[in-house]
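In what follows, a single structure is set out as structure tokens and then discussed.
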Amino acid sequence: MAGMTSTLNDTILETRQLSKNFKGFVAVSQVDLNIRRGTIHALIGPNGAGKTTCFNLLTKFLEPSSGKILYNGIDITAEAPAQVARRGIVRSFQISAVFPHLSVLDNVRIALQRPMGNSAHFWKSDRILDTLTPRAMALLTDVGLETQARRLAVELPYGQKRALEIATTLALDPELLLLDEPTQGMGHEDVDHVMALIQRVSAQRTTLMVEHNMKVVAGISDRITVLARGSVLAEGSYAEIASHPDVVAAYMGSKANLARAGIA
């Protein structure tokens, strides 16, 4: 699990009655989340449960219809996405978002320029890029890509592209890392690699992830929140949510269906 130890009251992110309506459709309904510092927290649920909408609310890509978002005890509900990112909440998207025809190293060096305000001029300053190489190589080592530094991103296999995306996300030095379906579309070998990678990069930070693969959820999550129809259905350890009667009912009410979903 994550490497840091949290105290009972050490909450990094909290939502209070967080809700989002789209022209009468309730996508997220009165969600209370409590994310403990230094943990890996998974957000799971059937398709359409509101997981991605919840992520969009936390990163302010969507404005809540009602409720509050607190980060390190500060109300960030009204803040813009850039303000939220500067506070240390950084999201890795479901679809790999890297520059495919730049090198692996240049992808990370460009990401390192964002906090410096130079990213819009990255093509003009080899000198600035060169000063960032040691830090970029350290990040590539963290995600196991140090030997691929000169390779074009487009040439990487899928699992390594996701590792590169995580490296570019870590370049922003997030305190809270949000991962959206980090193992989607991967084979077993890549899933195992990314599981280990998430554990490694979570050692000094907090991670909140949306994930469908229950092997990943069971293997690395400290705590799990189950969403269904936009509301919190259950929360607890993997063993607790797997035996929770409401979770059983949400997954068609049978052990066989739970097993197919990877929960039982």
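How many percent of DSSP beta bridges within the chain run antiparallel, rounded to 5? So the antiparallel bridges amount to about 55 percent of the total.
The orientation-averaged projection of the convex hull spanning the C-alpha atoms of region 98-173 amounts to 4.4 square nanometres.
For the chain, the gyration tensor built on C-alpha atoms gives a prolate shape. Its axis ratio a/c (a ≥ b ≥ c) is at least 1.5, and a/b is the larger of a/b and b/c.
Sorting 60-66, 226-232 by average packing, meaning the other beta carbons within 10 Å per residue, from highest down gives 226-232, 60-66. Legend: calculated FRET efficiency, Asp126 to Ala249, from the Cβ-Cβ distance at R0 = 41 Å, rounded to 0.05, equals 0.10.
Compared with the dominant principal axis of the Cα atoms in the chain, helix 188-201 is inclined by about 80°. Largest mean-square fluctuation among Ile128, Ile12, Ile220, in a Gaussian network model of the chain whose springs join Cα atoms under 10 Å apart, belongs to Ile128.
The C-alpha atoms of the chain define a longest principal axis, and helix 104-113 lies at about 80 degrees to it. Legend: calculated FRET efficiency, Ala97 to Gln30, from the Cβ-Cβ distance at R0 = 25 Å, rounded to 0.05, equals 0.20. Inter-label distance, Asp192 to Lys68: 4.7 nm, where each label sits 7 Å from its Cα along the C-beta direction. With a cut-off of 10 Å between beta carbons, the residues surrounding Arg205 carry a summed charge of -1, where Lys and Arg count +1 and Asp and Glu -1. For the chain, lysine pairs with C-alpha atoms less than 28 angstrom apart, excluding pairs fewer than eight positions apart on the same chain, total 16.
No value in this document is a laboratory result; all are computed from the given coordinates. The structure displayed is predicted, hence computed values, not measured ones. As a convention, Cβ positions derive from the backbone with ideal geometry for all residues, glycine included, and neighbour counts pool all protein chains shown.
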